[in-house]
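Novice: Can you keep this structure in mind? I'll have questions shortly.
The values are calculated or read from the model by the stated rules, or taken from the named source; none is laboratory data. All values derive from a computational prediction rather than experimental measurement. Counting neighbours? That spans all protein chains shown, and the Cβs are built from the backbone with ideal geometry, glycine included.
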Amino acid sequence: MKNKLKNFLSAPVSRREAVSTAAKLGSAVALSNAISLPFTSIARANIPTSAGAVNAGEVVRHSACLVNCGSRCPLKVIVKDDRIVRIEPEDAKDDAVFGEHQIRPCLRGRSSRWRVYSPDRVKYPMKRVGKRGEGKFKRISWEEATAFIANELARVSEKYGREAIYYNYQSGAYYHTQGTPAWKRLLNLTGGYLNYHNTYSTAQIATATPYTHGKYAGSHFTQIAHSDLVVLFGLNLSETRMSGGGQVEELRRALEASKAKVIIIDPRYTDSVITEHAEWLPIRPTTDAALVAGIAYTLISENLIDEAEVNKYCVGYDSSSLPATAAPNASYKDYVMGTGSDGIQKTPEWAAEITAIPATRIKQLAREIAAARACYICQGWGPQRHANGEQTVRAIQTLPALTGHFGRPGTNNGNWPYGTPYGVPSLPVGTNPVTTSIPCYLWTDAILNPEKMTATTQGVKGADKLKTGIKLFFN
Ligand code: SF4
């Protein structure tokens with residue numbers, strides 16, 4: 001059975017063969033998953049005897065992994081007789097030179113061959129022939145497909161206007177479709193479309209951060225080379241930025257240089273906890289703001305804050321820097337110490353009840369951060385992906401300000417770290433004549449309840465309300 005599986009995975013397959021063989025091998029694949037066989041057996045099956053060698057009849061094509069993981073790793077695609085026989089990492093860079101290292105794809109990129117030859121892949125235009133949801137489709141020609149789309153575009157434009165046409169924010173194949181924005185170009189050139197704003201990843205942090213810092217920015221991970229303590233809230237690079245060239249690699253190299261202690265606050269025991277040799281503080285999801293308040297209470301009550309310095313750079317820490325327009329006792333210190341409007345002291349014991357982190361550990365954490373020479377505090381995007389995520393974002397951003405760990409080597413302002421941008425070739429998309437845009441999460445409302453979509457209730461931008469609902473959806 002093991003040999004059959006290996007042959008199945010390494011041989012060129014037609015779609016029909018793949019479907020039929022997959023069905024026969026279904027139980028074997030399930031069994032293999034349970035004992036962690038597939039990746040190792042495939043890796044061995046695909047690795048040439050001498051790494052990087054190209055065998056007779058094979059040619060190398062250069063491509064990239066285009067899923068939306070935040071990286072875009074280059075791939076060497078080895079092709080024989082017009083079929084991909086294996087995927088290898090690019091090897092043009094010398095690992096010995098810092099900053100010139102290879103960008104190594106993770107298993108997801110290395111298994112791109114599986115995607116290309118997956119029996120589940122839609123390879124031809126398929127038109128729905130049954131009722132929606134019934135799962136009945138028939139294959140049509142490319143000519144029929146393009147004519148159908150063109151006719152629908154014209155029909156909907158004429159009947160409802162261009163605001164009824166929506167181009168959806170996709171994520172899984174983001175770099176294919178949005179990085180090469182042929183659809184947006186087409187829609188712009190033919191009259192425009194209803195746009196979206198925000199992203200699935202950063203809606204709350206991008207919106208909330210300007211209220212704290214004025215703009216969305218952070219220090220580079222390479223600053224950690226100068227830190228002695230790193231505190232990460234819900235940041236799990238080993239699973240979300242796993243390329244050998246991106247931020248996980250920068251973090252790894254910076255930690256190697258500084259040997260800083262790492263503390264990860266996360267509901268899950270993640271791969272990052274393991275690979276970064278971190279102390280894990282498990283926390284109840286969505287309670288990070290309470291943890292920060294408990295830390296702040298310790299900092300204030302143990303006199304660990306340089307209040308003159310905080311008031312010099314921040315507005316509203318205590319009454320001395322509170323704007324005259326603010327309500328009395330509306331300062332951050334009043335909120336934490338229980339003299340604000342809710343009258344609740346945010347003690348470590350109070351925070352422990354909410355977060356499930358023991359009060360003793362909360363106090364210790366406050367003292368550790370205060371005593372650090374250079375503490376790098378940052379947050380991932382998980383903690384803000386909840387109701388009230390904006391408040392979580394802003395709470396975490398107060399910690400560096402309270403402890404003076406900002407604006408110096410080895411520190412950060414509590415944000416997601418700055419990443420080096422790199423240019424990617426792309427088609428010009430032109431200008432969208434339709435200025436209306438909706439939050440990316442709310443497209444379902446724009447279909448079902450468009451009359452309720454307004455600027456004040458649902459965050460519509462560029463117009464007070466939607467003129468019409470979505471009638472044609474590009475996804
Ligand atoms: S890190 Fe993995 S998923 Fe991301 S681009 Fe590279 S190979 Fe693809």
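Novice: Of all the residues that make up region 293-321, how many are surrounded by 13 or more Cβ atoms within 10 Å (Cβ to Cβ) and either without any contact (Cβ under 8 Å) to a residue 12 or more places away in the chain or among the hydroxyl-bearing types (Ser, Thr, Tyr) (or both)?
Specialist: 8
Novice: Only one of these is closer than 17 Å to Ala203 by Cα and either modelled with pLDDT of 90 or more or crowded, with 16+ Cβ neighbours inside 10 Å (or both): Leu442, Leu466, Leu448. Name it. Please lay out each step first, then the result.
Specialist: Working: Leu466 fails: closer than 17 Å to Ala203 by Cα; Leu448 fails: closer than 17 Å to Ala203 by Cα.
Every option except Leu442 fails the conditions.
Novice: How many of the residues making up region 428-458 are under 24 Å from the mean Cα position of the chain (by Cα) and either in contact (Cβ under 8 Å) with a residue 24 or more places away in the chain or closer than 18 Å to Asn188 by Cβ (or both)?
Specialist: Here the count works out to 6.
Novice: Has region 389-404 got any residue that is in a loop (DSSP other than H, G, I, E, B) and of a type in the set (Lys, Arg)? Don't jump to the end; show me each part of the working.
Specialist: So the first thing to find is which residues in region 389-404 are in a loop (DSSP other than H, G, I, E, B), and the list is 404.
Now narrow it down to the ones that are of a type in the set (Lys, Arg): none.
No, region 389-404 contains no residue that is in a loop (DSSP other than H, G, I, E, B) and of a type in the set (Lys, Arg).
Novice: Check every one of the helices (runs of 4 or more DSSP H) wholly within region 152-267 and list those with 3 or more residues that are more than 16 Å from the ligand (Cβ to nearest atom) and either at pLDDT 90 or above or not hydroxyl-bearing (Ser, Thr, Tyr) (or both). Spell out how you get there, then give the answer.
Specialist: Working: elements: 174-177, 182-189, 203-213, 237-240, 247-258.
Because the criterion is at least 3 residues that are more than 16 Å from the ligand (Cβ to nearest atom) and either at pLDDT 90 or above or not hydroxyl-bearing (Ser, Thr, Tyr) (or both), the helices (runs of 4 or more DSSP H) in region 152-267 that meet it are 182-189, 203-213, 247-258.
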